[in-house]
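Working notes for the structure below.
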Amino acid sequence: MATSKVLAGAQVVLPTGTVHRGRVVVDGTRIAGSAPADAETVDLTGHWLVPGFVDMHNHGGGGASFTNGTVEDVLHGVRTHRLHGTTTLVSSTVTGEMDALAQRAGLLSELAEQGDIAGIHFEGPFISPCRKGAHSEALLRHPDPAEVRKLLDAARGRAKMVTLATELPGGIDSVRLLAEHGVIAAIGHTDATYEQTVEAIDAGATVATHLYNAMPGLGHRVPGPIAALLEDERVTVELIDDGTHLHPASFQFAFHHAGADRVALITDAMDAAGFGDGTYRLGPLEVVVSDGVARLAEGGSIAGSTLTLDRAFQRAVTVDGLSVEDVVTAISVTPAKRLGIYDTVGSLEPGKDADVVVLDADFALKGVLRKGEWVVDPT
C-alpha cells in the first residue's frame, strides 16, 4: 500500500536542475508539493534521486518474452525491469505471422489498459531483408498500409510505435497512416538512402530505431539514413549504450550531435536481460547468450541486448562522461515526451506518478519507487 513519505537529503534531479540535499514528497501514488503531517521521512543522504526510467523499446527480461510469452510471462518480464529502475515500459514484438502479431497485440493491449505496460511497439515485419538483423526473413513483408492498419486495430488504441523500412513499397503511405493515428513511425532495419530517409521524415517519421544498428553506415559521399536522422530536429534517436551495440565514440558522436533532448536511451532487451547466459528464442529464431551478449545461433547477428537501464545510466555517466542531468533527460524525459506520456511520468514534479530511482554515489541502483510503492527498498 502506498503511503506518504518524504525522501530527504539526496541530490534530486529536477527539470530545473539538481537540488543538493533536496527532497521528494510522496503522497499515495503521486508526487506532492508539500508533506502530509503523518509522512514518514526516509533519509537518503549521499544518494541521487532521479525519475523512474522510461524504456520505449524492450522485448523481455527475466527469462520471459513479450513476443511469445503468456500474460504471466509478460508481467514477470516487466517486474524484472522494474527491479532495475524501469518504471514505464513499452512492450516490443518481433517479426511474425500477421495473425500471430494481431493476437499478441490483443494480449498486450489488455496489459496496457491495466497500466502494466505503456503500450505496444511493433518491430517488424515491415522491414528490409537487407537489414533484417534478428528477424526471420521468410516472414518479412512490405509495409502495406492495410496490413499496418490491421495491427493498429488489433492493438485497440494501445499501439505506440511501428518500426518500418520506409523505402519499401507502401512505406511512405504507412508513415502517413501512422501519423494520422497518433502512432510513432520509426525508421529502422532499413536500407534507405539519405534522400529516402528525408522523405520519410517529411511524411511524419519521428524516431530512429536503435540508430546505427540495422542500417547503412555513415559515409562521406553516401551519407545514408544516419546523417538524415541525426540532423533533423524532429527526430528522436534511440541509442543502446551497452558497450556492444555501439563503439563509445559512435555513441558520444550521436549523443552530442542530437543532444539529450533528442536521444532516448533504450535497452532493446530480450529474455536474458536480468537473467543470464543460455539459449533462448526471439520470435521463431534461436538466440545464444554468452558473456551477456545475445547473438543468433545461425549467422551470429546481434539479437537484441541483455541490458537493463540502470546499467545504461551508470555507464553513460561513468564511462561516457555525460552529465547526470543529460542522462536523466535521455533515459526518462525524452522517451516520455516522445511517447506522449510526459504529463504523468518522466520527471520529479508534483502531480506526476511517484516513480523514483535511488542511486548511490557511484550511480549504482539502490532503490526503486513505482507509484508510491517500493519495488526495491533502499533502507
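No lab work stands behind these numbers, since they all come straight from the coordinates. None of the values given here were measured: they were computed from a predicted structure. Glycine gets a Cβ as well: all are built from the backbone with ideal geometry, and neighbour counts include every protein chain shown.
Take the alpha carbon atoms of segment 51-101, find their center, do the same for segment 10-46, and report the distance between the two centers in whole angstrom.
Distance between centres, Cα-based: 29 Å.
Considering only DSSP states other than H, G, I, E and B, which GluC sites (Glu not before Pro) in segment 184-251 qualify as loop sites with at most 10 other Cβ atoms within 10 Å?
Those satisfying the criteria are E233.
Of all beta bridges DSSP finds with both residues in segment 53-339, what is the antiparallel percent, to the nearest 5?
Once the DSSP bridges in segment 53-339 are tallied, antiparallel ones form about 35 percent.
What full-extension length gain, to one decimal in nm, is calculated for V71 and E298 as 0.36 nm per residue of separation minus the Cα-Cα distance?
78.8 nm
Give the residues of segment 156-183 whose amide nitrogen is closer than 18 Å to a point set 7 Å from the Cα of V222 in the direction of its Cβ.
Of the residues in segment 156-183, 166-168 have backbone N under 18 Å from the label point off V222.
Sorting R21, R104 on the 10 Å Cβ count, fewest up front, what's the list?
R21, R104
Can you list the lysines whose alpha carbon is less than 29 Å from that of K132, not counting same-chain residues fewer than 8 positions off?
K150, K160, K337
Considering every pair of different Cα atoms, what Kirkwood radius, in Å, is found for the chain?
This gives a value of 20.6 Å.
In Å, the Kirkwood hydrodynamic radius of segment 198-293 over pairs of distinct alpha carbons?
14.8 Å
Roughly what would the spin-label model give for D202 and R149, points 7 Å off Cα along C-beta, in nm?
Using points 7 Å along Cα→Cβ, the separation is 2.5 nm.
Identify the GluC sites (Glu not before Pro) of segment 289-379 meeting these criteria: DSSP loop state and at most 12 other C-beta atoms within 10 Å of the C-beta.
Loop-located and lightly packed - E298.
Which length gain, in nm to one decimal place, applies between E233 and T41 when the Cα-Cα distance is subtracted from 0.36 nm times their residue separation?
So the extension gain works out to 64.9 nm.
Using the Karplus curve 6.51 cos²θ - 1.76 cosθ + 1.60 with θ = phi - 60°, work out ³J(HN,Hα) for each residue of segment 360-368 in order, rounded to whole Hz, and write x for Gly and Pro.
7, 5, 9, 6, 8, 5, 10, x, 9
Normalised by the residues of the chain, what does the relative contact order come to in percent, with Cα pairs under 8 Å and at least six apart?
20 percent
Can you give the extra length, in nm with one decimal, that the chain gains between D277 and E349 once fully stretched, where that is 0.36 nm per residue apart less the Cα-Cα distance?
Full-extension gain reported as 22.0 nm.
Once both labels are modelled 7 Å past Cα along the beta-carbon direction, what's the H181-H257 spacing in nm?
3.2 nm
Residue-wise, which Karplus ³J(HN,Hα) couplings in Hz belong to segment 44-59, taking 6.51 cos²θ - 1.76 cosθ + 1.60, θ = phi - 60°, and x for glycine or proline?
Taking θ as phi minus 60°, the curve returns 10, 4, x, 10, 10, 10, 10, x, x, 6, 10, 9, 9, 8, 7, 9 Hz for segment 44-59.
Taking amide H atoms as placed 1.01 Å from N in the peptide plane, list the residues 5 or more away in sequence, or in a different chain, whose amide H sits under 5 Å from that of I184.
Placed amide hydrogens put M161, V162 under 5 Å from I184.
Which of the aspartates and glutamates could a cross-linker bridge to K371, judged by Cα under 17 Å and excluding same-chain residues fewer than eight apart?
D27, E40, D55, E113, D116, D343, E349, D353, D355
Considering every Cα-Cα pair within segment 152-264, what fraction, in whole percent, is farther apart than 20 Å?
37 percent
Bin all alpha-carbon pair distances of segment 1-100 at 5 Å intervals from 0 and give each bin's fraction as a whole percent.
It works out to 3, 12, 15, 16, 15, 12, 11, 8, 5, 3, 1, 0, in whole percents.
Can you give me the Cα centroid spacing of segment 189-203 and segment 257-325 in angstrom?
Each part reduced to its Cα centre gives a spacing of 25 Å.
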